[in-house]
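Worksheet: one structure, shown below.
Values in this text are rule-based calculations from the coordinates and carry no lab data. Please read these numbers as outputs of a predicted model, since none were measured by experiment. Counting neighbours? That spans all protein chains shown, and the Cβs are built from the backbone with ideal geometry, glycine included.
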Amino acid sequence: MKTPIYLDNHATTRVDPRVLEAMLPYFGEHFGNAASRNHQFGWEAEAAVDKGRKQIADLIGATAKEIIFTSGATESNNLAIKGVAEMYANKGNHIITQATEHKAVLDTCKKLEKHGIRVTYLPVKQDGIIDLDQLREAITDKTILVSIMYANNEIGVIQPIAEIGKICKEKGILFHTDAVQACGKVPVNVITDNIDLLSLSGHKIYGPKGVGALYVRRKSPRVQITAQIDGGGHERGMRSGTLNVPGIVGLGEACQICRTEMSEESKRLAALRDSLKDKLFANLDELYINGSMEHRLPNNLNVSFAYVEGESLLMGINEVAVSSGSACTSATLEPSYVLKALGVGDEVAHSSIRFGLGRFNTQEHIDYVADRLTEVVRKLRELSPLYEMVKEGIDISKIQWAVD
Amino acid sequence: MAYSNKVLDHYNNPRNVGSLDKNDPSVGTGMVGAPECGDVMKLQIKVDESTGIIADAKFKTFGCGSAIASSSLATEWLKGKTVDEALAIKNTEIVNELSLPPVKIHCSVLAEDAIKAAISDYKKKKSVVTTEAVGSNA
């Protein structure tokens, strides 16, 4: 078995060889600009873009004309939220989102707050899911947009999207969802879920980096957004810039593969994920699952190994690529705000590991990772003064720690 | 984060892991940090009463690799030193020895604090005849 083993598929995924194969001609002989309307090179590129648009639309139950290409989900989220805030400024100035959103949503909302938009950040319950009653209560006659992610990138928890969509439709409020982690992993349908805007990205679904899309509903209601990048008026004026043809071909192919293989793949990944969980729980005590296990992506597991610090755990399993919510592994030196939002205490975040399984993982990988983790957690608990105290029957939550 | 070879060595082969009897009057215990900050170090010294030299040192650490390495190194340095010599150990010496990057300097500070806490606990026991000794969480 080859190491390192990659179990960080919420961060990014390896490009599927079939996707790469589909892309290659568009770097070579079919290099045209899709906006060149008057020669063969342009027509070929345009045909490839049209095909990609259709493949993406088919994955989410949309029509091709509702797909706007972007550089990725960060741009899609920015375009959706800022674009709606600007376009519907006469209608209202209130946006509702929630605490465990990706920074691409949270920081976009924070930016808008500086420009007079009021934003409500809904808390989540301990299982990571928002309270629908709190959502209903937060809505005012000034609310123009609700932006709630489909599935979380750290804990994999899936929000009640169809219910949220229904509430928004009843109130005549637009509903945007960042579906980066959900698309291609679980069935997503913009019609049945009443989604008005949806962000997705290529590199989370075995496609290339640097390409994403925003779904913008065209019928009941017809959603309008103000462009955030101005120029040649591409993408029906909503996003200017020469289209990334090879990227779009790759994103389209990636969506197509997900659509045909999702039901099989999600079953396989859920079984692998469950076997990882079962092995860890059989070998070790004091493990805690972060977020709902019931409403969760099939490829996600987020576990806190109590009394062991996450970065030291990663150091012990350096042949396994996973990530931690520990402060020591983050650029900001703050523990994961997603785990903090669950209200389970900072020490839980410091001890957490996120496993993101993917298309190229095997049972052999899972067995290896479970064994190695068991070994390293046992070793680090031998080293842990907290584990020692707990085993002596001391309640460490009652200790007056000197926090500076 | 890329670790220095010395940090990796202490992480892979931590020296002097364990616990001494905290009720022993010749043992000083220091416990510093807090679980919610992601670092807790327990460092203990056992002083040879006749010579005043630290005969043994043990540690247990909840924290990142650099925190583990800093406390492991501290126990190595403590052994064979007098209490006063031990008090002179500076966090910057730990930083230099382990080549800690700037974001990990707080690990060395914590190790210095743990040394000082252990010595202070030992001295407190010496001055108080009644040996109602408890591990210091100060």
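Strictly over 26 Å apart at the Cα level, which of A:LYS169/A:LYS267; A:LYS125/A:LYS166; A:LYS398/B:LYS90; A:LYS51/A:LYS171; A:LYS114/A:LYS166 would you flag in this model? Where the Cα-Cα span goes over 26 Å, the pairs concerned are A:LYS169/A:LYS267; A:LYS398/B:LYS90; A:LYS51/A:LYS171; A:LYS114/A:LYS166. Beta bridges from DSSP with both residues in chain A: antiparallel share about 55 percent, rounded to the nearest 5.
For the stretch B:7-124, the dipole from Cβ point charges (+1 on Lys and Arg, -1 on Asp and Glu) about the Cα centre works out to 120 debye, to the nearest 20. Note on A:342-352: average number of Cβ atoms from other chains within 10 Å of each residue's Cβ is 3. Other protein chain C-beta atoms within 10 Å of residue C-beta, averaged over A:384-394: 4. In the stretch B:44-116, the convex hull through the Cα atoms has an average projected area of 4.3 nm², a quarter of its surface area. For A:GLY252, the shell of other residues with beta-carbons less than 9 Å away shows a net charge of +2, using +1 for Lys and Arg and -1 for Asp and Glu.
Multiplying the residue separation of A:LYS267 and A:ASP367 by 0.36 nm and subtracting their alpha-carbon distance yields 34.2 nm.
Note on chain B: Kirkwood hydrodynamic radius from all Cα pairs is 14.7 Å, rounded to one decimal. Take the convex hull of the alpha carbons in the stretch A:17-258; its mean projected area over all directions comes to 12.5 nm². At q = 0.16, 0.24 Å⁻¹, what log₁₀ I(q)/I(0) does the stretch A:20-127 have when each alpha carbon counts as one equal point scatterer in the Debye sum? Evaluating at q = 0.16, 0.24 Å⁻¹ gives log10 I(q)/I(0) of -0.87, -1.25. For chain A, modelled as a GNM whose springs connect Cα atoms under 10 angstrom apart, the maximal fluctuation among A:MET389, A:MET87, A:MET23 occurs at A:MET389.
Distance between the 7 Å Cα→Cβ label points at A:LYS65 and A:SER397: 5.7 nm. Spin-label model, B:ASP84/A:ILE229: points 7 Å from Cα along the beta carbon direction are separated by 7.0 nm. For A:TRP43 and A:GLU286, FRET efficiency with R0 = 41 Å and r from the beta-carbon atoms, rounded to 0.05? The formula returns an efficiency of 0.05 here. Where Rh is the Kirkwood radius over the Cα pairs of the stretch A:1-64, the temperature 25 °C and the viscosity 0.890 mPa s, what D in µm²/s does Stokes-Einstein return? It diffuses with D of about 173 µm²/s by this estimate. In straight-distance terms, cross-link reach from B:LYS126 covers every one of the aspartates and glutamates whose alpha-carbon lies under 15 Å from its own, apart from those fewer than eight places away in the same chain; here that gives B:ASP24, B:ASP48, B:GLU49, B:ASP84. Rounded to the nearest 20 debye, the dipole size of the protein assembly as shown about its Cα centre is 1340 debye, using +1 on the Cβ of Lys and Arg and -1 on the Cβ of Asp and Glu. Taken residue by residue and averaged, Cβ atoms of other chains lying within 10 Å of the Cβ of B:10-22 number 2. Against chain A, whose longest principal axis comes from its Cα atoms, helix A:103-113 is set at around 70 degrees.
Taking amide H as placed 1.01 Å from N in the peptide plane, the amide H of A:ALA34 sits under 5 Å from that of A:LEU243, each at least 5 places away or on another chain. Would you mind telling me which residue in A:LEU174, A:LEU301, A:LEU380 has the biggest mean-square fluctuation in a Gaussian network model of chain A, where springs connect alpha carbons within a distance under 10 angstrom? With Cα springs under 10 Å in chain A, the top fluctuation among A:LEU174, A:LEU301, A:LEU380 is at A:LEU380. Measuring r between the beta carbons of A:ASN189 and B:SER120 and using R0 = 60 Å, the FRET efficiency lands at 0.40. For the stretch A:286-365, a/c is not less than 1.5, where a ≥ b ≥ c are the root eigenvalues of the C-alpha gyration tensor, and a/b does not top b/c. That puts it in the oblate class. When Rg and the Kirkwood Rh are both derived from Cα coordinates, the Rg/Rh ratio for the stretch A:185-233 amounts to 1.03. Would the stretch A:93-235 count as rounded, prolate or oblate if I go by the C-alpha gyration tensor, calling it rounded below 1.5 in a/c and otherwise prolate when a/b exceeds b/c, oblate otherwise? Verdict is rounded for the stretch A:93-235.
Protection proxy ranking, highest mean first, for peptides A:45-55, A:221-231: A:45-55, A:221-231, where packing is the per-residue count of other beta-carbon atoms within 10 Å, averaged.
Among residues other than B:VAL17 with Cβ under 11 Å from its Cβ, the summed charge is +3 (Lys and Arg +1, Asp and Glu -1).
Which angle from 0 to 90°, rounded to the nearest 10, does the C-alpha axis of helix A:363-383 make with the longest principal axis of chain A? Approximately 40 degrees, to the nearest ten.
Within the stretch A:356-404, the ratio Rg/Rh, alpha carbon atoms throughout and Rh by Kirkwood, equals 1.23. Axis of helix A:40-60 versus longest Cα principal axis of chain A: the two differ by about 50°, to the nearest ten degrees.
As a calculated quantity, the FRET efficiency between A:GLU334 and B:LEU8 at R0 = 25 Å, using C-beta atoms, amounts to about 0.45. Secondary-structure-derived ellipticity at 222 nm for the protein assembly as shown, considering helices only, amounts to -12500 deg cm²/dmol, per-run term -39500 (n - 2.57) for DSSP H runs with n ≥ 4. Restricting the calculation to Cα atoms, the protein assembly as shown yields a radius of gyration followed by a Dmax of 27.6, 98 Å.
Looking only at B:ALA86, B:ALA114, B:ALA57, which one moves most when chain B is put into a Gaussian network model with springs between Cα atoms under 10 Å? Highest fluctuation of the listed residues: B:ALA86.
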